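Q: The following block contains the structure, expressed as structure tokens.
The values are calculated or read from the model by the stated rules, or taken from the named source; none is laboratory data. What you see is a predicted model; the values in this text were computed from it and never measured. Here the Cβ positions follow ideal geometry from the backbone for every residue, glycine too, while neighbour counts run over all protein chains shown.
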Amino acid sequence: MDGEDLKEIRRKIDEIDEKIIRLLAERLKLSGDIVALKKKLGAKIRDEVRERAVIDRARKLAQELKIDADFVESVMRLIMAQMVGEERVHLGGVGVWNRVQQAFKDYPAQMNVARVMFKYGLRVMEDGTIACGGIKIPAVQIAKEAGVDRRVVDFTARRILSDKSLRDIFENLEPIAYLKGFAQQLGLGVIEIIPEDASRPGILKEVTGVIAKFGLSIRQSVTDDPHFVPQPKLTIITDEPVKGEIIEALRKLPSVRSVIVY
């Protein structure tokens, strides 16, 4: 009977998880509507007063429901950071990413493929195939990840090869050996930093400075380009698991919005 009870509880958890994800999708879809209204009103993307009100309301509700208010605040800050990122995507990028968006503005499915290629460091080869380093990747696999038909992958590759500015970018992408996925198995620490403003200079210096003060060595640091992803993060891999005092010191940095530790 205990085994059946466990299955039933897990089934309920799966149902709740699905509801949470569907609600998050609904919330993020509103970003386009918000951007249109903010443009009309001349309002900024970030509204600190509104964000504070959302956090205060979330903490109050958490206390009423008798769950950890700090945990709820962390979740809400993650959601709001993603929402702000989605709004920036709707506004359009700058620099290199703006060129990519303009090239694919009438082809959203191809834009999805371009995002997948950039995310994984996949490059276009002279013959139109897509590769990870020198290893060719089947179009059907890329299509599955991008949520498109495999023919869209071929069309995207052709468009890139026919446009010099795109070609200069996508012929030279490279993957990296990212330690995050197996860091815990190696006894390493993983810290993800979500900054207040990823385009502000000096964030990496501030974060690594705090870690160095506690005598912790850094094995790897990976930063997302704020113009390529909705919610850019700084991921730090350390020689050993991160202690609570380091986390608290990082959270006190004015440039840091949220800290996640694995």
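Q: Pick from Ser199, Ser258, Ser165, Ser217: which is of a type in the set (Ser, Thr, Tyr) and over 30 Å from Asn98 (Cβ atoms)?
A: Details: Ser199 fails: over 30 Å from Asn98 (Cβ atoms); Ser258 fails: over 30 Å from Asn98 (Cβ atoms); Ser165 fails: over 30 Å from Asn98 (Cβ atoms).
Ser217 is the lone residue from the list that is of a type in the set (Ser, Thr, Tyr) and over 30 Å from Asn98 (Cβ atoms).
Q: Consider only pairs whose beta carbons are under 8 Å apart and that are at least six residues apart or on different chains; among these, list those whose first residue lies in segment 19-44 and is more than 14 Å from Gln82 (Cα to Cα) and in the same structural domain as Leu78 (by TED's automatic domain parsing) and whose second residue is assigned to a helix (DSSP H, G or I) and at pLDDT 80 or above.
A: What qualifies is Ala43/Leu37.
Q: Suppose the filter is surrounded by 15 or more Cβ atoms within 10 Å (Cβ to Cβ), at pLDDT 80 or above, not hydroxyl-bearing (Ser, Thr, Tyr) and not assigned by TED's automatic domain parsing to the domain that holds Glu192; does Gln110 pass it?
A: Working: surrounded by 15 or more Cβ atoms within 10 Å (Cβ to Cβ): yes; at pLDDT 80 or above: yes; not hydroxyl-bearing (Ser, Thr, Tyr): yes; not assigned by TED's automatic domain parsing to the domain that holds Glu192: yes.
In short, yes.
Q: Consider segment 211-255. How many of its residues are crowded, with 19+ Cβ neighbours inside 10 Å, hydrophobic (A, V, I, L, M, F, W, C) and more than 14 Å from the chain's Cα centre (by Cα)?
A: The number of residues fulfilling the criteria is 7.
Q: Any residue in segment 114-125 that is in contact (Cβ under 8 Å) with a residue 40 or more places away in the chain, within 24 Å of the chain's Cα centre (by Cα) and surrounded by fewer than 13 Cβ atoms within 10 Å (Cβ to Cβ)?
A: No, the conditions are met nowhere in segment 114-125.
Q: Looking at segment 187-261, what strands (runs of 3 or more DSSP E) fall wholly within it and have at least 1 residues that are modelled with pLDDT under 90 and more than 20 Å from Lys119 (Cα to Cα)? Write out each step before concluding.
A: Values: elements: 189-195, 218-223, 234-238, 256-261.
The strands (runs of 3 or more DSSP E) meeting that bar are 256-261.
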